[in-house]
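Asker: First the structure, then my questions, so here it is.
The values are calculated or read from the model by the stated rules, or taken from the named source; none is laboratory data. Predicted, not measured: the structure shown is a model, and the values here were computed from it. Note that we place each Cβ from the backbone using ideal geometry, even for glycine, and neighbour counts take in every protein chain shown.
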Amino acid sequence: MPGASAVIAALSVAGIPSDRFFFEGFLPAKSTQRCKRLAVLAHESSTVVFYESPHRIAACLADMAAVIAEPNKRKVFVARELTKKFETHFLGSLLEAVAWVASDDNNSRGEFVLVLEGRLEQPDSELDTAMEKAKEVAELLSAELSMKRAVALAAQIVGVRKNALYAVMLEKQG
């Protein structure tokens, strides 16, 4: 099923709330840009729908798992080859989806629609405060170190996810 109708077909069988959804289309091809966009979408409370190509599906899911908080809890529905002979569905956590795609070469073939569950709860004010502190520490360290090293140290000092902090820093630069 080509085009926008694939979005509705995926939503109808996903088992993820579809009363409010956001269609993102294709994420950027480069991992850095993709992570930056995912960092913004990670806070979306609505379900988010993406298209993805077979040669980028594994990297896309890995980036989602790295950037989005609690990747072992946030659900994603992976629809492969909708309405075609080899149609396949997978519903599980982001970490499980990464493992599913890697488990069989056939799982990374064809056209994909990804349906990402919206943020499960309101942003935790403690986490937001920790991320702000980590951002401040990283900014101070980046005067003397590369951004990569500054982010790694700041994340370790404050206790936040390195990938999430890196995405926030990239967003600030961009």
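Asker: Would you please list the contacts, defined by Cβ atoms under 8 Å and residues six or more apart or on different chains, that run from a residue in segment 153-174 that is more than 12 Å from ALA130 (Cα to Cα) to a residue that is among the basic types (Lys, Arg)?
Answerer: TYR166/LYS148; ALA167/LYS36; VAL168/LYS135; MET169/LYS135; LEU170/LYS36; GLU171/LYS36; LYS172/LYS135; GLY174/LYS36
Asker: OK, next. Among the residues of segment 29-42, are any touching a Ser or Thr at 6+ places or on another chain (Cβ under 8 Å) and crowded, with 21+ Cβ neighbours inside 10 Å? Walk me through how you get there before you give the answer.
Answerer: If we filter segment 29-42 for residues that are touching a Ser or Thr at 6+ places or on another chain (Cβ under 8 Å), which is where we start, we get none.
No, the conditions are met nowhere in segment 29-42.
Asker: Sort out which residues of segment 1-27 are surrounded by 14 or more Cβ atoms within 10 Å (Cβ to Cβ), under 17 Å from the mean Cα position of the chain (by Cα) and over 11 Å from VAL115 (Cα atoms), and write them in order of number.
Answerer: Across segment 1-27, the qualifying residue is only LEU27.
Residue by residue, here is whether (1) more than 11 Å from the chain's Cα centre (by Cα); (2) crowded, with 21+ Cβ neighbours inside 10 Å; (3) under 17 Å from LEU38 (Cβ atoms); (4) modelled with pLDDT of 90 or more holds:
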{"position": "MET64", "(1), (2), (3), (4)": "no, yes, yes, yes"}
{"position": "ASN72", "(1), (2), (3), (4)": "yes, no, yes, no"}
{"position": "LYS75", "(1), (2), (3), (4)": "no, no, yes, yes"}
{"position": "HIS89", "(1), (2), (3), (4)": "yes, no, no, yes"}
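Asker: List pairs: first residue in segment 130-144 and assigned by TED's automatic domain parsing to the domain that holds MET169, second residue modelled with pLDDT of 90 or more and β-branched (Val, Ile, Thr) anywhere in the structure, Cβ distance under 6 angstrom, at least six positions apart or on different chains.
Answerer: ALA138/VAL151
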